[in-house]
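Just below is one structure, and these are the notes that go with it.
The values are calculated or read from the model by the stated rules, or taken from the named source; none is laboratory data. Model, not experiment: these values are computed from the prediction. Because the Cβ atoms are built from the backbone with ideal geometry, glycine has one as well, and the counts that use them run over all protein chains shown.
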Ligand code: NAD
């Protein structure tokens, strides 16, 4: 038996953040991980996916270089180099993995490699040893969902696990993406920009990001994808995939009728499910709901077993690495006997790293109206923004939802660098700032951020360029 102040089960963003934060507060920590520290986010999620999106962006930029006054030699056309893009991506992942491993070591976190399970007394059993903590944090993450008829083989029928770790020597020529949520939209964007014939099949009414962002903003992304060549089918019911010698037949029904397409690869991106089987939850008295999520008190993140906390994708909160980080801080502070404010899940930052990027915090217009607020909405397109023109990135808009004569309720962006521009709006929404107040603050000229300032000013009833 080895005793620690804290034992963390799962080494993804939730787990390693909890371990690092607890160690920085002076706690002795063991971190149990069966694969590599970094989890889905680092090895088959956020980081590799964004590296591939960046490769697609560079290809798009170089392909349009002539529009910016940069000529390629006659007869030279840029081509995607899929192995090189993947090698670069893997280099970034490995560098971050080394950095994280080193950081855990410097903070004296005992990283134990193996499959850990909670035991009846709340300890963690791993590799024949028992780690006992004054507290335990469960953060075993999630895996991609699949359904009968779409059996994943990792070659022809893949999930984001495989798409982020491609060892193929070239891109598939034709891809069907099943599910138009965050992962589906990001990969549709990558493939489309790398000249892969891409078909997006989404079950719900809207084909791209049907749940989550404000419709106006998601529609800009959908229009852009269509314009660049993505075929999008909404309300699509995908049938059983048929393997042929050359590819896969994907049958699907939409309100317009039945169709079949042949593709080289199918990406199944229909959501993720929590990993809570075989972690000893039942033995330890940790309640898991019927969908497999660990039940927690949303304020303390403590499970039904005192002293055992749960964070990240195994809990039914937004499945985002940065939410797991925030939850790690709350759980560790609780363990330290402090009384931190809970995570405000309704106001977390959301970013979809497509081209153009989509980002938001707070309520959409529809959600604000449904909640009964007297809502005022102002929008400002990127089309008239000088910086956007200079970048050649005029597709985009700022949309702000506020309470009449009151604070911001929601902040929505689509366009270049929305991922980075978001945080001003995120702060404003979380500080319940008044749009007029933010509009008084100066935004540098020329900048994409000016579109945010302009939109805020519009709430005063006056405007500059808007
Ligand atoms: P998702 O829930 O975002 O989207 C799944 C989509 O698939 C939904 O639109 C759903 O209607 C559709 N769908 C479900 N079954 C279907 C079917 N049989 N046929 C057609 N469509 C179907 O899930 P995801 O995109 O797989 O992402 C999973 C998780 O990963 C999410 O929690 C997400 O937050 C997280 N993630 C976040 C980011 C980011 O923040 N940038 C990036 C990638 C993943």
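Residues are listed down the side, and each one gets a yes or a no for (1) in contact with a helix residue (DSSP H, G or I) (Cβ under 6 Å, 6 or more places away or on another chain); (2) assigned by TED's automatic domain parsing to the domain that holds residue 14; (3) modelled with pLDDT under 95; (4) farther than 24 Å from residue 214 by Cβ:
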{"residue": "315", "(1), (2), (3), (4)": "no, yes, no, yes"}
{"residue": "319", "(1), (2), (3), (4)": "yes, yes, no, no"}
{"residue": "330", "(1), (2), (3), (4)": "no, yes, no, yes"}
{"residue": "337", "(1), (2), (3), (4)": "no, yes, no, yes"}
{"residue": "362", "(1), (2), (3), (4)": "yes, no, no, no"}
{"residue": "366", "(1), (2), (3), (4)": "no, no, no, no"}
{"residue": "369", "(1), (2), (3), (4)": "no, no, no, no"}
{"residue": "390", "(1), (2), (3), (4)": "no, no, no, yes"}
Checking residue 398 against (1) surrounded by 15 or more Cβ atoms within 10 Å (Cβ to Cβ); (2) farther than 28 Å from residue 46 by Cα, the condition it does not meet: (2)
First in the stretch 138-151 and free of Cβ contacts under 8 Å to residues at least 40 places away in the same chain, second anywhere and near the ligand (Cβ under 9 Å from one of its atoms), Cβ under 8 Å, 6 or more apart: none
Which listed residue is within 16 Å of the ligand (Cβ to nearest atom) and not in a helix (DSSP H, G or I), from 323, 351, 296, 286: 351
Enumeration of residues in the stretch 102-120 that are out of contact with any helix residue (DSSP H, G or I) (no Cβ under 8 Å at 6 or more places or on another chain) and either within 16 Å of the ligand (Cβ to nearest atom) or not in a strand (DSSP E or B) (or both): 102, 105, 106, 114, 115, 116
Residue list for the stretch 158-176, filter: more than 13 Å from the ligand (Cβ to nearest atom) and not in a loop (DSSP other than H, G, I, E, B): 162, 174, 175
Condition check for residue 246: within 14 Å of the ligand (Cβ to nearest atom), exposed (fewer than 15 other Cβ atoms within 10 Å of the Cβ) and either modelled with pLDDT of 95 or more or within 24 Å of residue 164 (Cα to Cα) (or both): no
Residue within the stretch 278-292 that is touching a helix residue (DSSP H, G or I) at 6+ places or on another chain (Cβ under 7 Å), touching a residue at least 40 places away in the same chain (Cβ under 8 Å) and not assigned by TED's automatic domain parsing to the domain that holds residue 218 present: no
Residue selected from the stretch 127-147 under the condition more than 16 Å from the ligand (Cβ to nearest atom) and touching a strand residue (DSSP E or B) at 6+ places or on another chain (Cβ under 6 Å), by the criterion farthest from residue 162 (Cα to Cα): 134
Answer residue from the stretch 126-157, given it is part of a loop (DSSP other than H, G, I, E, B) and touching a helix residue (DSSP H, G or I) at 6+ places or on another chain (Cβ under 7 Å) and is nearest to residue 319 (Cα to Cα) among those: 141
Whichever residue in the stretch 177-201 is over 18 Å from the mean Cα position of the chain (by Cα) and within 10 Å of the ligand (Cβ to nearest atom) and, among such residues, is surrounded by the fewest Cβ atoms within 10 Å (Cβ to Cβ): 201
Candidates 230, 276 - the one that is under 22 Å from the mean Cα position of the chain (by Cα), closer than 24 Å to residue 166 by Cα and either crowded, with 17+ Cβ neighbours inside 10 Å or near the ligand (Cβ under 10 Å from one of its atoms) (or both): 230
